[in-house]
1. List, please: which pairs have Cβ atoms under 9 Å, are six or more places apart or on different chains, and start with a residue in region A:33-62 that is open to solvent by 50 Å² or more (accessible area, probe 1.4 Å) and end with one that is among the hydrophobic types (A, V, I, L, M, F, W, C) and assigned to a loop (DSSP other than H, G, I, E, B)?
2. Can you tell me which residue in region B:63-73 is surrounded by the most Cβ atoms within 10 Å (Cβ to Cβ), limited to those that are β-branched (V, I, T) and more than 25 Å from B:D2 (Cβ to Cβ)?
3. Give the residues of region A:50-67 that are more than 9 Å from chain B (Cβ to nearest Cβ) and of a type in the set (A, V, I, L, M, F, W, C), sorted by residue number.
4. Among the residues of region A:21-30, is there at least one that is open to solvent by less than 30 Å² (accessible area, probe 1.4 Å) and of a type in the set (F, W, Y)?
5. Name the residues in region A:1-13 that are at the interface with chain B (Cβ under 7 Å from one of its Cβ atoms) and either of a type in the set (F, W, Y) or surrounded by 20 or more Cβ atoms within 10 Å (Cβ to Cβ) (or both), would you?
6. Here is a list of conditions, (1) in contact (Cβ under 8 Å) with a residue 12 or more places away in the chain; (2) out of contact with any His (no Cβ under 6 Å at 6 or more places or on another chain); (3) not acidic (D, E), and B:R30 meets all of them except one; can you say which number that is?
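The values are calculated or read from the model by the stated rules, or taken from the named source; none is laboratory data. Keep in mind the model is a prediction, meaning the values are calculated, not measured. Neighbour counts run over all protein chains shown; Cβ positions are idealised from the backbone, glycine included. To get the accessible areas, we keep the full protein, side chains included, count just its heavy atoms, and leave off ligands, DNA and RNA. Shrake-Rupley method; radii C 1.70, N 1.55, O 1.52, S 1.80 Å.
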Number of protein chains: 2
Amino acid sequence: MDAITILGLIAGALTTLSFAPQVAKAWRTRSTTDLSLAMLILLLTGILLWLAYGVAKGDLAIIAANGATAVLIALILSVKARHG
Amino acid sequence: MDAITILGLIAGALTTLSFAPQVAKAWRTRSTTDLSLAMLILLLTGILLWLAYGVAKGDLAIIAANGATAVLIALILSVKARHG
């Protein structure tokens, strides 16, 4: 694995992990009132397009980061859908 | 410009724009108490690494998206630094 790919994987780990505290908080409190539904939908759509972009370019760092982040955002959305 | 780059630019526009309502809200209310400082720092660091990754790969979509998002997150951080 080359240095640039490793840089991308570190970048992806940071941006993906930055959402983890929000997922934990939403899961624990079952409260997502202060989170904008429009923001979550816009973000999830964008991340799924980044995933498609990564697949189209065969870019491992983009695929890994956006695949993982999509799961986290979907978890937040599922809490919001059930508990508002 | 090829179709894959256009896909990346659309993906970047969506993920970047998803932060705009949060910037507007923070700027208007001067209140960022509910936003985690650790999350903002982690996210900004990751985005700056993505920017470096984009420059290293000469990837226009990654450079544009992460350059714009870095400015937005920095604005949120500056409100948090001044108003807590």
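1. Going by the 9 Å Cβ cut-off, the qualifying pairs are A:L60/A:M1.
2. B:I73
3. If the condition is that a residue be more than 9 Å from chain B (Cβ to nearest Cβ) and of a type in the set (A, V, I, L, M, F, W, C), then A:V55, A:L60, A:I63, A:A64 are the ones that fit.
4. Here is the first cut: in region A:21-30, the residues open to solvent by less than 30 Å² (accessible area, probe 1.4 Å) are A:23, A:26.
Imposing the further condition that a residue be of a type in the set (F, W, Y) reduces the set to none.
Looking for residues that are open to solvent by less than 30 Å² (accessible area, probe 1.4 Å) and of a type in the set (F, W, Y), one finds none in region A:21-30, hence no.
5. Of everything in region A:1-13, those that are at the interface with chain B (Cβ under 7 Å from one of its Cβ atoms) and either of a type in the set (F, W, Y) or surrounded by 20 or more Cβ atoms within 10 Å (Cβ to Cβ) (or both) turn out to be A:G8, A:A11.
6. (2)
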